[in-house]
Amino acid sequence: MLLADKTVIITGASRGIGRAAARECARQGARVVIGHSGSGQGTEAAHSLIEEIKAFGGQAIEVGSDAADPDTADKLVAGALKAFGSVDVFVNNAGICPFHSFLDMPREVYLKTVNTNLNGAYFAVQAAANQMKNQGKGGAIIAVSSISALVGGAMQTHYTPTKAGLHSLMQSCAIALGPYGIRCNSVLPGTIATDINKEDLADEEKLAYMTSRTPLGRLGEPDDVAGPIVFLASDMARYVTGASLLVDGGLFVNLQ
Ligand SMILES: NC(=O)C1=CN([C@@H]2O[C@H](COP(=O)(O)OP(=O)(O)OC[C@H]3O[C@@H](n4cnc5c(N)ncnc54)[C@H](OP(=O)(O)O)[C@@H]3O)[C@@H](O)[C@H]2O)C=CC1
Ligand SMILES: C[C@H](O)[C@@H]1OC(=O)[C@H](O)[C@@H]1O
C-alpha cells in the first residue's frame with residue numbers, strides 16, 4: 001500500500017474529486033481527515049464516506065469548517081492530531097466556481113471565490129506545513145489547481161486567478177519547505193464531471209464540445225484524479241517537488 005501509516009488531510013472531500021481522492025488514500029492505507037463546508041449536505045456526505053471507508057477496514061474522521069475562514073486551517077490540523085497523532089500529507093482541494101460574466105461580476109461572488117479557493121488555502125497550507133516541520137520527518141502538500149491555471153474562461157474571471165495562484169503557491173512553497181523535506185506539487189485537472197459543473201454541462205452542446213476537444217474522448221471522472229494525487233502524496237514521488245501534473249485527457253495540448 002502506497003500510503004501506509006500516513007495521515008492525510010483532504011479539504012473538500014465530501015464530494016467530487018476530493019471524495020474520490022479520500023477513498024483512494026484510505027484504500028492505500030492512509031488515515032484520512034475529510035474536510036467539508038460544515039453544511040448539512042456536506043456533513044451527511046462526509047458521514048457516508050466514513051462509513052464506506054470503515055467498511056473496507058480504513059480509518060477516517062470529518063472536520064466541517066468553511067475553507068474561506070483562516071481558522072479552519074488550525075481546526076483541520078487539530079482534528080488530525082487528536083484522531084491520528086500526525087499530519088503527513090495535506091491536499092488542498094476545496095473549491096467553488098460560480099460561473100458569472102466579468103463586466104457585472106458582483107463583488108461578493110468575486111471575494112467569496114478568492115477567499116474559498118485561495119486565501120483559505122494559504123493559511124491551511126501554512127498550518128499543515130508547520131505541523132510537518134515540527135514532526136521532523138517531511139511531508140507532502142498537494143494543491144488541486146486546474147487547467148484553468150493555464151488558460152482563461154470568460155465566465156471564470158474570478159476563478160482562474162485562484163487556480164493560477166494555487167499553482168504558484170506550490171512552486172514557492174516547494175522552495176520554502178524543501179529544506180524540511182516537505183514536497184509541494186499541484187495537480188491540474190481538465191474537465192471532470194462533478195457537482196461544480198453540473199449546471200454548465202447540462203447544456204448538451206457545451207458537453208459535446210468539451211468531449212470532442214478531449215483527445216481521450218470523454219470527460220474526466222473524479223477517480224481519474226485520485227491516482228495522480230496518491231502518487232504525489234506517496235514516497236514514489238520522493239524527488240518530485242514544485243511540479244504540476246495535468247490530468248485532463250489531453251485537453252490542454254489539443255489546440256490545432
Ligand atoms: N470538476 C472539474 O472540472 C475541476 C475541478 N477542479 C477543482 O477541484 C476541486 C474540487 O472540485 P469538484 O470535486 O469538481 O467540486 P464539487 O463541487 O464536486 O466538490 C466541492 C467540494 O468542496 C467543498 N467545499 C466547497 N465550498 C467549501 C467551503 N466554503 N468550505 C469547505 N469546503 C467547501 C464541498 O464541500 P460540501 O459538500 O460541504 O459543500 C465539496 O466537498 C476544486 O478546487 C475545483 O476548483 C479543478 C479542475 C477541474
Ligand atoms: C468548473 C469548471 O467546469 C472546471 O473547473 C476547472 O477548473 C476546469 O478548468 C473547468 O473549467
Inset, instruction - Considering every residue within the stretch 151-168, establish whether at least one is closer than 24 Å to A243 by Cβ, more than 18 Å from the chain's Cα centre (by Cα) and more than 16 Å from ligand 1 (Cβ to nearest atom). - result: no
Legend entry - Cβ-Cβ under 8 Å pairs, at least 6 apart or on other chains, the stretch 147-161 side more than 7 Å from ligand 2 (Cβ to nearest atom), far side among the aromatic types (F, W, Y): L150/F252; V151/F252; A154/F102; M155/F99; T157/F102; H158/Y110
Inset, instruction - Quick one: R15 ticks every box in (1) open to solvent by less than 30 Å² (accessible area, probe 1.4 Å); (2) under 14 Å from the mean Cα position of the chain (by Cα) except a single one, so which number is it? - result: (1)
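Just give me the residues in the stretch 199-220 being part of a loop (DSSP other than H, G, I, E, B) and either open to solvent by less than 30 Å² (accessible area, probe 1.4 Å) or within 18 Å of L246 (Cα to Cα) (or both), in sequence order. Step through it out loud before you land on a result.
The initial filter retains those residues of the stretch 199-220 that are part of a loop (DSSP other than H, G, I, E, B), namely 199, 203, 213-219.
Correct list: R213, T214, P215, L216, G217, R218, L219.
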Legend entry - Any hit, the stretch 221-239, residues being more than 12 Å from ligand 2 (Cβ to nearest atom), open to solvent by 30 Å² or more (accessible area, probe 1.4 Å) and in contact with an Asp or Glu (Cβ under 9 Å, 6 or more places away or on another chain): yes
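Matching residues to (1) closer than 25 Å to R19 by Cβ; (2) within 11 Å of ligand 2 (Cβ to nearest atom):
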| residue | (1), (2) |
| --- | --- |
| Y122 | yes, no |
| M132 | yes, no |
| G139 | yes, no |
| K163 | yes, yes |
| L169 | yes, no |
| Y180 | no, no |
| I192 | yes, yes |
| I196 | yes, yes |
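I need the full set of residues from the stretch 208-224 which are of a type in the set (S, T, N, Q) and farther than 14 Å from F252 by Cβ, in order please. Explain how you work it out, then say what you get.
Just the residues of the stretch 208-224 that are of a type in the set (S, T, N, Q), to begin with: 211-212, 214.
T211, S212, listed by residue number.
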Inset, instruction - Could you list all residues from the stretch 20-72 that are within 9 Å of ligand 1 (Cβ to nearest atom), crowded, with 24+ Cβ neighbours inside 10 Å and not in a helix (DSSP H, G or I)? - result: I34, G35, H36, A67
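Take T162 and decide whether it is buried (at least 19 other Cβ atoms within 10 Å of the Cβ), in a loop (DSSP other than H, G, I, E, B) and β-branched (V, I, T). Outline the logic, then answer.
Details: buried (at least 19 other Cβ atoms within 10 Å of the Cβ): yes; in a loop (DSSP other than H, G, I, E, B): no; β-branched (V, I, T): yes.
Here the answer is no, as T162 does not meet what is asked.
Residues to consider are G12, G29, G18, G35; find the one that is over 22 Å from P189 (Cα atoms) and small (G, A, S).
G29
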Inset, instruction - Looking at (1) within 12 Å of P222 (Cβ to Cβ); (2) assigned to a loop (DSSP other than H, G, I, E, B), find the lone condition where I17 falls short. - result: (2)
Inset, instruction - Just give me the residues in the stretch 85-109 being open to solvent by 60 Å² or more (accessible area, probe 1.4 Å) and more than 15 Å from ligand 1 (Cβ to nearest atom), in sequence order. - result: F102, L103, D104, R107
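The values are calculated or read from the model by the stated rules, or taken from the named source; none is laboratory data. Since the model is a prediction, treat every value here as computed from it, not as a measurement. Neighbour counts are summed over all protein chains in view; Cβ atoms, including those assigned to glycine, are modelled from backbone coordinates with ideal geometry. Surface accessibility is based on the protein's heavy atoms, side chains included, excluding ligands, DNA and RNA. Shrake-Rupley method; radii C 1.70, N 1.55, O 1.52, S 1.80 Å.
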